[in-house]
Amino acid sequence: MKSPLKGSDTTYDVLGIGFGPSNLALAIAIEEHNAGLPPEERLNALFLERQPGFGWHRGMLIDDATMQVSFLKDLVTLRNPTSDFSFLCFLRERGRLIDFLNQKTLFPLRVEFHEYFAWAAERVRHLVAYEHVVAAVDPVRDESGTVTHFDVVCRDPERPGETVSYRARDISVAVGLEPHVPPGVELSERIWHNSQLLPRVTELAAEGTPVNRAVVLGAGQSAAETVDYLHRSFPDAEVCAVFAKYGYTPADDSPFANRIFDPEAVDVYFVAPSEVKQSLFDYHRSTNYSVVDMELIEALYATAYQEKVTGHERLRFLNVSRIRDVVPRDDGSLDIAVEFLPTGEQQVLSADVLVHATGYRPRDLTSLLGEAAKVCLRDDEDALRVSRDHRVETAQGVTAGIYLQGGTEHTHGLTSTLLSTTAIRAGEIHRSLVSRRVASV
Ligand SMILES: Cc1cc2nc3c(=O)[nH]c(=O)nc-3n(C[C@H](O)[C@H](O)[C@H](O)COP(=O)(O)OP(=O)(O)OC[C@H]3O[C@@H](n4cnc5c(N)ncnc54)[C@H](O)[C@@H]3O)c2cc1C
């Protein structure tokens, strides 16, 4: 389908920056709002995405990995259970509804949920401009000096080195997280972040590069998945998991703890004083951070034990340990010095691959927003002040709005970077956009 761009002379009601699940859910809410309305009452929206097409963590679409959120927390159901953008409608269209139900699970495969997202994204394709990397956001002032709009500046996909910009009254920033590696680490052909796992493994296999040993640093879900995947992908290789903990910590997905992801929990978190916010975050970080699904922990342990029994041990856990040094060799392999922390004893592992499964961090919104960041208000900790409707509080004389999806853990809690409240949040932003449009007419 052709690009939906209507030209840079259009002034949009809202421009979305990034088109992952968060802004996709918003695009659907807008599409459903617009259906049946006369053109003058519709919200005019465009979403700018740097990738060439829809893609959700493609590098980690491991064949047997499952979602860590119920399929009922899809893009729409909690906002509008009758929406035909639901996961169930997707299944019906694919002819898999009854087969899925027979599995008796709430947790689809990650590859299947990706297919669902891509199916939904294609249905709102007319609202998206792919291959648009947003480089800056500039405030636009009227004659009185009031900031009434923003110009969103993108690298021009057709004219390298040049930019193209789009104007909107409001923007919705949902650029997700970025891979994090420890300071000083330089990624290379043999040193990866886990976000590149699948393409890198495919590349090595295509080149026929032998892998005798792979080392994985980290103890979270991505780390455990990477260990498991490398162990399966290279059946002759030794896979060493290196982490500072004694053992993997199981993710707490028990029913009471899971309520921290409820829409009401966002209300509670939002009004709580900062020390209560911090304690809620600390109490419940084991629902999401540096934890692993129990099933995967047990599967890894069972594999390691089976290898012990058969005497062919190629899955090793170097716990209470840290990587102290990595020296590349001329043949492309790596000498990795691993320290056992209790004794300080070091061993050097000769490895072909090192994967950092060392997490993700929020992207730097200040540099993304550029000049627009200067009209945003900040709290005592220098974090952006964000109102309940997900709109950044701005200085006086600014009527244009910046909505944030993600990057709001400090105001809206743990669900900020997750999928649990995506549908509800999209509904809240949509309602806020509509009320601001009505007020501005
Ligand atoms: C492997 C993995 C599995 C996960 N599984 C789950 C799960 O099961 N359940 C759950 O709740 N959460 C999960 N998460 C958390 C994850 O953050 C959310 O699933 C989800 O991706 C958040 O959606 P988003 O749209 O806010 O961000 P993202 O999905 O990260 O999307 C952001 C988009 O913005 C684009 N972008 C970034 N910068 C620019 C720019 N300058 N210009 C234009 N476009 C830009 C990116 O290309 C991307 O498409 C998982 C995370 C990972 C890494």
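The values are calculated or read from the model by the stated rules, or taken from the named source; none is laboratory data. Small disclaimer: the values here were computed from a predicted structure and weren't measured. Because the Cβ atoms are built from the backbone with ideal geometry, glycine has one as well, and the counts that use them run over all protein chains shown. Only protein heavy atoms, including side chains, enter the accessible area calculation; ligands, DNA and RNA are left aside. Shrake-Rupley method; radii C 1.70, N 1.55, O 1.52, S 1.80 Å.
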Extension gain from Leu177 to Phe107, taking 0.36 nm per residue of separation minus the Cα-Cα distance: 22.9 nm
Neighbour-limited loop hits for chymotrypsin sites (Phe, Trp or Tyr not before Pro), the range 312-363 (at most 13 other Cβ within 10 Å; DSSP other than H, G, I, E, B): none
Of Ser432, Leu418, His356, farthest towards positive along the dipole that unit charges on Lys, Arg, Asp, Glu beta carbons give the range 327-441: Ser432
Residues with amide H under 5 Å from that of Asp170, placed H, sequence gap 5 or more: Val14, Leu15, Gly401
Förster radius 51 Å - calculated FRET efficiency between Ala244 and Asp84, Cβ distance, rounded to 0.05: 0.60
Viscosity 1.567 mPa s, temperature 4 °C, Stokes-Einstein D of the range 218-296 from Kirkwood C-alpha radius, µm²/s: 89 µm²/s
For the chain: relative contact order, % (alpha-carbon pairs under 8 angstrom, 6 or more apart): 22 percent
Rg ratio (alpha-carbon, reference 2.2 N^0.38 Å) - the chain: 1.06
Karplus-derived 3J(HN,Hα), 6.51/-1.76/1.60, for each residue of the range 28-39, Hz, glycine and proline x: 5, 4, 5, 4, 5, 5, 6, 4, x, 8, x, x
GNM top mover of Ala205, Ala241, Ala219 - the chain, alpha-carbon springs below 10 Å: Ala205
Nonlocal amide H pairs with Tyr360, under 5 Å, H built at 1.01 Å: His180
Thr10-Gln306 FRET efficiency (beta carbon distance; Förster radius 60 Å; 0.05 resolution): 0.45
Calculated SAXS-style log₁₀ I(q)/I(0) at q = 0.15, 0.21, 0.31 Å⁻¹ - the range 283-331, Debye, Cα scatterers: -0.69, -0.91, -1.10
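Ile191: net charge of surrounding residues, Cβ under 13 Å, Lys/Arg +1, Asp/Glu -1, itself excluded?
Here the count lands on -2.
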For the range 314-426, the Rg and Dmax computed from alpha carbons only, in angstrom: 22.1, 64
Loop sites in the range 323-383: GluC sites (Glu not before Pro), DSSP, at most 16 other Cβ within 10 Å: Glu381
Cut-off 15 Å between beta-carbons: net charge of the residues surrounding Ala120, Lys and Arg +1, Asp and Glu -1: -3
Calculated [θ] (222 nm, deg cm²/dmol) that DSSP helices of n ≥ 4 give over the chain, each run adding -39,500 (n - 2.57): -9000 deg cm²/dmol
Per-residue SASA entry for Ile30, accessible area with 1.4 Å probe, Å² rounded to 10: 0 Å²
In Hz, Karplus ³J(HN,Hα) per residue of the range 376-389 (6.51, -1.76, 1.60; θ = phi - 60°; x = Gly, Pro): 8, 8, 10, 8, 4, 8, 6, 8, 5, 7, 10, 8, 4, 7
Distant-in-sequence amide H partners of Arg42 (H built 1.01 Å from N, under 5 Å): none
Residue of His149, His193, His126 that the Gaussian network model of the chain assigns the largest fluctuation, springs spanning Cα pairs under 10 Å: His126
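Only four residue types carry charge here, +1 at the Cβ of Lys and Arg and -1 at the Cβ of Asp and Glu. Report the dipole size of the chain about the Cα centre in Debye, rounded to the nearest 20. Intermediate values should be presented prior to the final figure.
On the way: 44 positive and 63 negative charges, 138 e Å.
So the dipole magnitude of the chain works out to roughly 660 debye.
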